[in-house]
Structures are given as structure tokens and as C-alpha cells.
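Take a look at the structure set out below.
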Amino acid sequence: MRDRYFAFHSGLCVLLLSLGTIAQKKRDVDECSSGNHQCHNSTHCINVKGSYRCYCHHDWVARSKPLHGLKLTICEEVPFSSWTSPSGVSSQSLSHFFDKVQQLSQDFKPALAENTIQDLMQEVGELLETPGDLKTLTPSEQHCVATNLLIGLEDILRVLSKFLPNGQLTVHAPAGTELSLKVQEQGIRDVTLGQSHAKMQLNWDVVQESSDFGPSMVGLISTPGMGRLLAEAPLVLDPEKQTVLHEAHKGVLQGVPSVLLSDVISAFTSNRDTQNLSSPVTFIFSHHSVTPGPREEVFCAFWKHGQNGYGHWATTGCRMVATGDTSTTCQCTHLSSFAILMAHYDVQEEDPLLAAITYVGLGLSLLCLLLAALTFLLCKTIQNTSTSIHLQLAICLFLAHLLFLTAIDRTEIKVLCAIIAGALHYLYLASFTWMLLEGLHLFLTARNLMVVNYSSVSRVMKKLMFPVGYGAPAIIVAISAASRPHLYGTTTRCWLHTDKGFIWTFLGPVCTIFSINLAFFLMTVWIVKNKLSSLNSDVSTLQNTRMLTFKATAQLLILGCTWCLGVLQVGPAAIVMAYLFTIINSLQGIFIFLVYCLLSQQVREQYKKWFKGIRKTKAASEKYTLSSGTMSDASKHSEAHSSNSSHLPHAEFLLPSFTESPAPKPWSTDHVSGFLATQY
């Protein structure tokens, strides 16, 4: 019995000792009384369960700052935030609004922060309801004003909320502008702010992710009149949405105008770092009843602005959870100004017939360009400055068409697509530059019919043609890529964007070259005609004149006008122009081979020599095979081989020659005829 009592007594002592130890561990430590805190002497330390808080007087705010190697909380006086009109925008209505804001700043007292907020919201609502001369501003200026209002209003409300007591504040301005604010120390896990046409749900941890001490705040502003300033703002889809729409509709043009379906709302917290939230924020919008058409889409969008104040609607970080006729639910991983938009996008449906024409035509062009390049390179008898220009033109067009056929649709990797677009930009510009040099060379040669100075033309062209032919396009592409590299490569094609007129970095030089070549063509025809009229022209000279005129005209139309047809692909005639552009542009290589090779008498004669040489080579090879079968020893075989080799044709004509032509005699009818026959 005694042993049982002793055991019970010992166990009870152990239990009491353990409970005492646990109670001692759970006992709260008063950091404020012990001095074990980081509150500055300008603050008032208050102990809370498991921690402490640093509070300031009502007219001051607590901020965390490093001091003497420690991160202390210091009280600072918070002035009314400065808010001024955006630079570069002239508006009496806006100036009048900021005069009222300045008056509110001068009359501000922290104890009257709630009244100041109500007055401020009323002024904003009246400005948006009766914008006055804001309606006469350009769209970009209106976007700049909207950005200034959205950012400035958030900043001021973020400061004024520090002087509000804990709780919720709701403001309904007469013009329909609404504000919902919630200020508290520690909130429940989920917070909901509701208004007439919008509701926001978020986790309070998102609000408290701030380095500042004191109460935290979350706010929601609804500004119905803001939609007037943002009515013509474009919508830029994020890459994922672009890919989805492209796969569904085979081509979508981004940056298209959109229609606002809801009020513009702005969500903000005391925590300024809200670009990558730990948990998404949910927005529920009420909007006009709408049923999207076959080429219309509803998006959850936010206003994205740059440092200069201009901006556009974007969708990055936001997704649509559900949508109906009159309501849409969105989730976003950042805070900004949001709205529901319906965008009408243009679908570029691929025409199978156009695609077939493109591939067949470019395939034939590649073959003809290769044959033409080999002809210009290997045909010794026709090599001069003119054929050198023809050769470079054929090479540039061959590479451009080959890259177009094999890589124009490689949009999977954005950087690679941009590189392909830049390469196509350069190669096609180089092709047009060599076309310009074609026209310049023809004009200079025709002009020198008058002064008998053809050799000087050849020397000048040889010095200038390569730096100009390849250097000028490189400069244009380098400037374009350095200024706006993001406009190389679209979501559907590895080519230039049409946004902000960037396509004119290609069309501008093309139109300029076409105009200059047209002038060269007219002057050349006039010079040749006048020269022939002063000579006793025979039949061959007249025929050569007609051939020159035909070739020059064909070059101007085929190589120059085709891209002008691309500019005219608008309106009812767009389909016709598209077919003309595709057909003519795809046959450029065939034209070059036909005009510069098959219609050239010298080239045809060289082709005949080549074919004769091939036949002789084949016959000699067969003879060699028969004779080698009858030879009985190595010496006879060697003699037979030497004998047969003497019958092989000379291959000297395959090597290019760059020897200067002898200086010409004074021009006569025969000289003019020869010039007309050989230049083209």
C-alpha cells in the first residue's frame, strides 16, 4: 500500500512538473517591457501575443528603415502625395481638375482623411462624366491621361488610407465612381470587396506582404467614365492566347480595336509589390449582355502602360474562369486596372490555290535562277559588268525564295523567327538594290553613247556596285533591327509586323527604287531613240532597239511593279491583287532566265557549244571504253588514252574571265547595234 502511494505521489509530481514546464514555455514575453524590440524612440511599442507592434501618432506613419546597423521602425510625417498633369497634354478640363486636387492638398488634415477621400472621388467622377476638351485629344493623349489618373488616384488613396481607422470605407460618387476600402491589422483568410458592377476576392496574405508596419489596406475603384478615354486602345494578346487562336483560326491579327463591355476597375493594396502574387485574385464583372460572333472573343484584360504614360490592353497573367451573357469571372496573378473586352479579330484564311501557285512558281523560279546564275558565272563570252549585276541579282533572289519556301512558317521559336524575318528583309532589299544598279548601269551606258566613254562606266560600276548592292540593305536592316527588334516576326509568319508602320522599312525602299528605275528607264529609251535617229539605222539595229525596249520594260514591270501590287491588296480588289502579286512574283526567276539567257543570242550560241561539247565528250568516252577493251598492255592503253584525249573538247570556256575589253572606237550605227544586242 505504501509502495502504491509512493508511486502515485511520484507520478503526480512528474505530471505537475511537466505541466509547469509547458506553461512556462507558452508564457508570453513582453518585448516592449524588456527592451527586446526594434521600435525607434519616435514610436510607441505595444506588446501583442507572440510579438509586438510599433505604433505612431495619428498624424504619422511607421516605416522600416536601417539605422546604426539595425532595421528599426521609425515614425515619419506623411504629406499629401503630389499629383500633377501629364507632360505634353494640354487640356483646360484637366488643368481645372488638378487645381482642385491642389486645393485638397493644401486643406488636408489627417483627422479629415475620410472627407478628403470622398471629395477626391467626387472630383474624379465629375471629370470623367463631363470630360470637356479631353474628348478632342488624340487617342494616344487620352491614353496618357487615363494612365495618369489611374496611377495618381491609387497613390493618393494608398497614402490617405494610412490615416483611416480600422474598418471598411465605401464611397459612391454622384457620377457613378465607386470606392471600397478595407483597413485592418490582421484580416481573415479571404477578403471580398463588392460594388455595383464588380467584385474582388483575394487572400489577406497578399495584402500583408509589405515591409511597412501598421495596418494593411486593400482597395477597389470603379470608374465607368474611364472607358471613354480608353475606347480606342488596342488589345495585345499574350503569346499563349495568340497560339490558341492561331491554331483555331489559322491566323490572327493582334493589336485590333476592342470594345469595353464593363467598367474599368482598379485594384490596389498597401503592398506595392503586386506584380507576381503568391495566390491569384478573382474578379467578377457585371457587364452588358453580349453574344460573341464567329470572329469575336471575350477577354479578361488589364491596362499596361509604359514609362511615357502610353499603353494598351494586355492579357498576360489573367485568365477567364467563366463567362455568361451578363457576367464574367477572371483570375489574375497581379494587380492593376482591369476590364472585360470583346475583340474582333481578322482571320487570315489560307487560300489553297494561292499556296499551290506560290510553291509551284517559286520552285520553278529557284530552278531557273540556279541555271541563270551558272550561265552568268561559267559563260566566258558574255561576262561583263552587266552580267555581273545579273549574277548578284539571281543569287539574292535565289536565297530569298529558298528561305521563304523553307522557313517562312517557322514561328515556334520566337528568336529564330525574328532572325528569319531579318534575313528575308535583307535578301529582298538586296535584290531590289541590285535591280536599281541594273537600271543605273543601263542608263549610264546609254548616256555614254554620246561621249564614247563606256570603259569609264564599267570602272565606276565595278567600284560601286558591291558596296552599294550589299551595304545599303545592311544599313537599313541594322537600323530597323536596332530601333524595333520586337517587330521582326509575327505569330503567323516570319516577316515584318505591320504595326506602327514598320512594314514601310521594306516598302519605303522598294517604292523609292521603283520610282528611280522608272526614271532611268524613260531617260534610257529617250537617249537611245535620239541617238538612232541621228544615224543610218539598219534593220538589225531597229530589231535590237525593240528587244532592248522590251527587256527594259519587262524588267521594270516584273521586278518592280510586283511589290507595288502587294500594297494594293485592300478593299474589294484585294483578292485579285493577291493573285496577281503571287503569280508575277513567283515567276521572277523564270523571267530572269528567259530574258537574260534564252533571249540572248550570245548565250544561245554558248549553250549550243556546251551541248556539242557534251555530245563529243560522250562519244569520246564511248570510244575510249571500246578501245580500252582491246588493249593488251599498259603502254598501248596509255597511247590510246592520249589519242582519245586529243579529241576531247576544250573546257576553257567554263572559267570566268575578267579581262578588260579594249577601248572602243567612236560610236557608229554598228556600235549602237552591238551595244543594244549585248547589254541585255
(message) Need a quick list: strands (runs of 3 or more DSSP E) entirely within region 153-247 having at least 3 residues that are buried (at least 21 other Cβ atoms within 10 Å of the Cβ) and either of a type in the set (A, V, I, L, M) or modelled with pLDDT under 90 (or both).
(response) 178-184, 198-203, 216-223
(request) With the condition kept exactly as written, say whether any residue in region 327-344 is out of contact with any Phe, Trp or Tyr (no Cβ under 8 Å at 6 or more places or on another chain) and closer than 30 Å to residue 279 by Cβ. (result) yes
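Suppose we filter 423, 430 for residues that are surrounded by fewer than 22 Cβ atoms within 10 Å (Cβ to Cβ) and assigned to a helix (DSSP H, G or I); which single one remains? Don't jump to the end; show me each part of the working.
Numbers: 430 fails: surrounded by fewer than 22 Cβ atoms within 10 Å (Cβ to Cβ).
When all the criteria are applied, what remains is 423.
Test residue 569 against the stated conditions and say whether it is in contact with an Asp or Glu (Cβ under 9 Å, 6 or more places away or on another chain), closer than 22 Å to residue 432 by Cβ, of a type outside the set (A, V, I, L, M) and at pLDDT below 70. Talk me through it step by step, then tell me what you get.
On the way: in contact with an Asp or Glu (Cβ under 9 Å, 6 or more places away or on another chain): no; closer than 22 Å to residue 432 by Cβ: yes; of a type outside the set (A, V, I, L, M): yes; at pLDDT below 70: yes.
No, not satisfied.
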(request) Specify which of the listed residues (546, 493) is of a type in the set (Lys, Arg), part of a loop (DSSP other than H, G, I, E, B) and at pLDDT below 90. (result) 493
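How many of the residues making up region 496-524 are hydrophobic (A, V, I, L, M, F, W, C) and either at pLDDT below 80 or farther than 20 Å from residue 438 by Cα (or both)? Even if it seems obvious, please write down each step before you answer.
First, pick out the residues of region 496-524 that are hydrophobic (A, V, I, L, M, F, W, C): 496, 502-504, 506-507, 510-511, 513-514, 516, 518-523.
Filter once more, keeping what is either at pLDDT below 80 or farther than 20 Å from residue 438 by Cα (or both): 496, 502-504.
Total meeting the criteria: 4.
Of all residues in region 366-413, which are within 18 Å of residue 495 (Cα to Cα) and assigned to a loop (DSSP other than H, G, I, E, B)? Explain how you work it out, then say what you get.
Initially, region 366-413 is screened for residues within 18 Å of residue 495 (Cα to Cα), giving 396-413.
Passing the criteria: 408, 409, 410, 411, 412, 413.
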(message) Pull out all pairs, ordered by first then second residue, where Cβ-Cβ is under 9 Å, the residues are six or more apart or on different chains, the first lies in region 590-612 and is over 25 Å from residue 363 (Cβ atoms), and the second is aromatic (Phe, Trp, Tyr).
(response) 606/653; 609/653
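Yes/no per residue for (1) within 25 Å of residue 312 (Cα to Cα); (2) at pLDDT below 90; (3) surrounded by 20 or more Cβ atoms within 10 Å (Cβ to Cβ):
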| site | (1), (2), (3) |
| --- | --- |
| 103 | no, yes, no |
| 107 | no, yes, no |
| 139 | yes, yes, no |
| 147 | yes, no, yes |
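One line per residue, one yes/no per condition, for (1) out of contact with any Gly (no Cβ under 8 Å at 6 or more places or on another chain); (2) under 17 Å from residue 230 (Cβ atoms):
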| site | (1), (2) |
| --- | --- |
| 101 | yes, no |
| 150 | yes, yes |
| 164 | yes, no |
| 177 | no, yes |
| 184 | no, no |
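The rows are residues; the columns are (1) farther than 23 Å from residue 146 by Cβ; (2) in the same structural domain as residue 226 (by TED's automatic domain parsing); (3) aliphatic (A, V, I, L, M); (4) out of contact with any His (no Cβ under 9 Å at 6 or more places or on another chain).
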| position | (1), (2), (3), (4) |
| --- | --- |
| 259 | no, yes, yes, no |
| 267 | no, yes, yes, yes |
| 271 | yes, yes, no, yes |
| 281 | no, yes, yes, no |
| 288 | no, yes, no, yes |
| 302 | no, yes, no, no |
| 314 | no, yes, yes, yes |
| 324 | yes, yes, no, yes |
(message) With the requirement that a residue be over 39 Å from the mean Cα position of the chain (by Cα) and in contact (Cβ under 8 Å) with a residue 12 or more places away in the chain, what does region 422-449 give you?
(response) 442, 443, 444, 445, 446, 447, 449
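The values are calculated or read from the model by the stated rules, or taken from the named source; none is laboratory data. Model, not experiment: these values are computed from the prediction. Methodologically, a virtual Cβ is constructed for each residue, glycine included, from the backbone with ideal geometry; neighbour enumeration extends over all protein chains shown.
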